[in-house]
Amino acid sequence: MALVPYPLARTILFGLDPEDAHDLTLAALARLQHTPLVCTVAQPRVDDPVTIAGLRFPNRIGLAAGLDKNGRCIDGLGAMGFGFVEVGTVTPQAQPGNPKPRIFRLPEARALINRLGFNNDGLDAFLANVKRASFRAQGGILGLNIGKNAATPMARAVDDYLIGLAGVYPHADYVTVNISSPNTKNLRELQSDEALDALLVAIQQRREALQREHGRAVPVFVKIAPDLDEAQITLIAATLKRNGIDGVIATNTTIVRDAVAHLMHGKEAGGLSGAPVLEASNRVIRALRAELGSSYPIIGVGGVMSAADALAKREAGADLVQIYTGFIYEGPPLISAAAQALKARG
C-alpha cells in the first residue's frame with residue numbers, strides 16, 4: 001500500500017500551477033521508481049487477467065496516454081497497480097507544444113482543460129526511456145502512442161505516423177495512432193472518411209513489413225474523439241475494420257463546453273477531460289460496439305472518476321478502461337478500486 005495518503009499529496013499539488021505540479025510529480029516519480037522509495041507510491045496489482053487483441057492484460061485498468069508523454073515514468077506508474085500503461089503522444093521530432101499557460105483545473109466540475117499540443121522530447125529520447133523500463137518484463141502491457149509534428153503539413157501527416165510506427169514497433173505491446181487531439185491544428189481532419197482510409201492503408205502496409213522484419217505482430221489501435229455524430233462513428237467503424245486495425249480507443253478529450261462554460265477557465269481553448277466527458281465518451285463506445293460487433297476490442301477512456309464510472313464504461317461496451325484525469329483527482333486508490341470493481345463484475 002502506498003505510504004503517502006493521496007488526499008494530502010493532492011492538497012499540496014493543487015496549490016501549485018497545474019503544469020508545474022505535473023512536472024514536479026513526474027520528476028519525483030522518475031527519480032524514485034528504481035529505488036526502494038518506490039514503496040511510497042506502490043500498491044499491489046489486482047489480478048484479473050484478460051486477453052484482448054491477442055495480449056494478456058493483468059487487469060482491465062490502464063493509464064491513458066498524455067500523462068507521461070516522454071515515457072520517463074513507466075515503471076513508477078506501473079508500480080501503482082495498472083494492468084497496462086500507455087505513454088506518449090510522441091512525435092518524430094521534439095517540439096515545445098503550445099504557449100503557456102496550457103493546463104487548467106476546474107475542480108467544481110472535477111475536470112481539466114489542456115491545450116498542451118503534443119509537447120515532447122522527440123522519438124529518440126522517448127525510445128531511450130522506453131528501453132530502460134522493466135514494466136513489460138514484470139508482466140505489464142505497454143502501449144506507445146504516436147502522432148504528427150505540428151510543423152508537418154497535413155498533406156504529409158502520414159509520413160510522421162509511419163516514422164513513429166517504425167520507431168516504436170519493436171518496443172510496444174500495442175501502438176496507438178492518435179488522430180483525435182484537439183490541440184494540434186487540423187489533426188481531427190484525419191478522422192474524415194477518405195483521410196482516415198489513406199492513413200490506415202499506409203499504416204497497415206508498413207505494419208506488415210515491420211511484422212516480417214521483427215518476427216512479431218504488434219496490434220494497432222486508433223484513438224478517436226468524443227465529438228462525433230452517428231454517421232461519423234459508422235464511417236470510422238467501417239474504416240477500422242476494412243483496414244485490419246486491431247482495436248479502437250474511445251475517447252480523447254472534448255471541445256464541447258456546455259457543462260463548464262459558467263466556471264472559471266471553463267471557456268479556455270483545448271480539450272476538456274474528467275467528469276463532464278463521461279457520457280459523451282460512453283455514447284461513442286455504445287455506438288462503436290453496435291457497429292463493430294461483440295468481439296472487436298474497445299478501450300474506453302473519458303470521465304472515469306470512480307469505480308462506478310469504470311463499470312459504466314464496461315456496460316457501454318468497453319473491454320478495457322483507461323484513466324487520466326480521475327487519476328489526478330483521486331490518485332492511486334482509484335486504480336485498485338476500479339480494477340476490483342471490474343474483476344467482481346467479470
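Hydrophobic long helices, here whole DSSP H runs in the chain with Kyte-Doolittle means of at least 0.5 and Cα atoms spread over 15 Å or more along the helix axis, are found at 157-168. Rounded to the nearest 20, the Cβ-based charge dipole of segment 6-345 about its Cα centre (Lys and Arg +1, Asp and Glu -1) stands at 440 debye.
Given a 10 angstrom Cα cut-off, can you work out which residue in Phe126, Phe84, Phe14 is the most mobile in a GNM of the chain? Of Phe126, Phe84, Phe14, the Gaussian network model singles out Phe14 as fluctuating most. Taking Cα centre as origin and charging only the Cβ of basic (Lys, Arg, +1) and acidic (Asp, Glu, -1) residues, the dipole magnitude of segment 118-215 rounds to 300 debye.
Here is how the number arises for the chain: DSSP H runs of 4 or more residues each give -39500 (n - 2.57), the sum is divided by the residue count, and the result at 222 nm is -11500 deg cm²/dmol. If each Cα of segment 6-345 is one equal point scatterer, what is log10 of I(q)/I(0) from the Debye formula at q = 0.06 Å⁻¹? With one equal scatterer per Cα and no solvent, log10 I(q)/I(0) is -0.18.
Ordering Ile163, Thr254, Pro7 by the projection of their Cα atoms onto the charge dipole of the chain, which places +1 on the Cβ of Lys and Arg and -1 on the Cβ of Asp and Glu, puts Pro7 at the extreme positive end. Taking a sphere under 13 Å around the Cβ of Gly244 and counting the other residues whose Cβ falls inside, with K and R at +1 and D and E at -1, yields a net charge of +1.
Just so you know, all these numbers are worked out from the coordinates, no wet-lab data involved. Given the structure is predicted, the values throughout are model-derived calculations rather than measurements. No Cβ is skipped: glycine too gets one built from the backbone with ideal geometry, and neighbour counts run over all protein chains shown.
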